[in-house]
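Take a look at the structure set out below.
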Amino acid sequence: DEPLIQYRQHAQQQIGERRRGWYGQYLVARQMGRDYFYQTSQNYALAAERLRGQSRYAVSQSALRALDAKVLHWQRRGDLRSTRIRLPRIAAELFRGDYGRYSLGWKAIAQDLFL
């Protein structure tokens, strides 16, 4: 089994990468193409599969449904990279609340609109 962990940064971090400024965040976001979003979606799908396939820990059905919704959100974000008409799809994700639940909110919306 391959690890599915992506590390997060926090204010008290002692080792790891420095915080990026706006321009640095922009440069990183520009590199996130369709494959990045599909791979992230696949990682979440694998995590859901592992959770469903184990009996050691109790996982609620609502948590599994939320994870499935996260998979779909990241797939949809990947799909946006291959279309010019993005606004209706972005609006649908926004009204569902998926950007706030499964991404970085307004930063993800801006990324999907402009990159």
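The values are calculated or read from the model by the stated rules, or taken from the named source; none is laboratory data. Source: prediction; values computed, not measured. We place every Cβ from the backbone using ideal geometry, glycine too, and count neighbours over all the protein chains shown.
List of remarks:
- Failed item, numbered, when MET32 is tested on (1) exposed (fewer than 13 other Cβ atoms within 10 Å of the Cβ); (2) under 22 Å from ARG81 (Cα atoms); (3) of a type in the set (A, V, I, L, M): (1)
- Screening the chain for helices (runs of 4 or more DSSP H) wholly inside it with 1 or more residues that are among the β-branched types (Val, Ile, Thr) and modelled with pLDDT under 95 returns the ranges 22-30.
- In the range 90-115, the qualifying residues are those that are surrounded by 13 or more Cβ atoms within 10 Å (Cβ to Cβ) and aromatic (Phe, Trp, Tyr), and the one that is farthest from the chain's Cα centre (by Cα) is TYR99.
- Close contacts from the range 36-50, counting a first residue that is within 15 Å of TYR102 (Cα to Cα) and touching a residue at least 12 places away in the same chain (Cβ under 8 Å) and a second that is of a type in the set (Asp, Glu) and surrounded by fewer than 17 Cβ atoms within 10 Å (Cβ to Cβ), with Cβ to Cβ under 8 Å and a gap of 6+ residues or different chains, come to ALA48/ASP68.
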